[in-house]
Amino acid sequence: MTEPVRGPGRPRPFGAERDPARVVAFSDAVIAIAVTLLVLEIRPPQDTRHLLHGLATLWPSYLAYVITFMLIGQVWANHHVMFDHIRSADRVVLFLNTVLLMDIAFLPFAASVLAQAFRDGQGQRTAVVFHGIAFELAAILFNVIWWYARHNRRLLTTTIDSAGVRAISRRYRLALAWIGTGTVLGALVPALGVAVIAAFIPFYWLPIRGEIARVKRRRDGGGQP
């Protein structure tokens with residue numbers, strides 16, 4: 001494989017460059033396992049004589065399941081957005097992505113802690129902060145991976161322009177601020193912290209305008225812009 005041409009003074013990737021397809025495939029597998037494990041935290045009620053009441057009292061588990069599943073879904077979607085524009089993965093990207101996956105695999109436990117605290121009526125502040133920190137770490141790692149890949153475009157493809165790079169960067173930085181705010185509020189008012197983090201879900205599914213516009217122009221033009 002021919003080494004890509006780099007401009008003068010452009011930093012070289014750390015170690016050998018690899019096709020990111022295997023990174024994405026491995027990440028998809030870990031994320032799929034993580035969202036599957038979420039449902040195992042929801043245990044059927046022991047008392048089947050009052051089954052409806054028992055099912056209703058499991059609302060904290062349902063809430064933690066939905067919020068965490070949708071947030072992990074956003075991690076998956078935005079992981080694809082990021083790696084759609086990373087042409088190769090060096091050792092730094094492999095390491096950072098491994099740490100990201102380690103955090104994602106931990107999220108079912110964080111969801112279980114959140115549900116248990118609201119069921120018991122104790123420790124909600126700690127549980128919300130614990131859950132929020134787990135997702136804040138994922139947001140930090142997203143920003144670090146993207147910053148490393150886009151710095152002087154060392155690992156980026158030519159399919160995204162500067163506007164698209166800035167749009168993705170803004171979205172990832174917003175995640176840091178939004179989840180961080182929800183986590184801090186959760187330390188004060190647990191229900192408010194959960195609400196702020198949950199409000200992040202519909203917004204973050206919106207398309208990233210700079211990236212979408214670039215793809216649309218390339219398709220409409222039938223070739224290179």
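What the table shows:
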read-out: Packing-based exposure ordering (other Cβ within 10 Å, fewest first) of Ile168, Ile33; value: Ile33, Ile168
read-out: For Val81, Val92, Val194, Val128, order by how many other beta-carbon atoms lie within 10 Å, fewest first; value: Val92, Val81, Val194, Val128
read-out: Order of His85, His53 under a 10 Å beta carbon neighbour criterion, fewest first; value: His53, His85
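Every number here is computed from the coordinates shown, using simple stated rules; none is lab data. The model shown is predicted, which means the values in this text are computed figures rather than measured ones. So basically every Cβ, Gly included, is an ideal-geometry build from the backbone, and we count neighbours across all protein chains shown.
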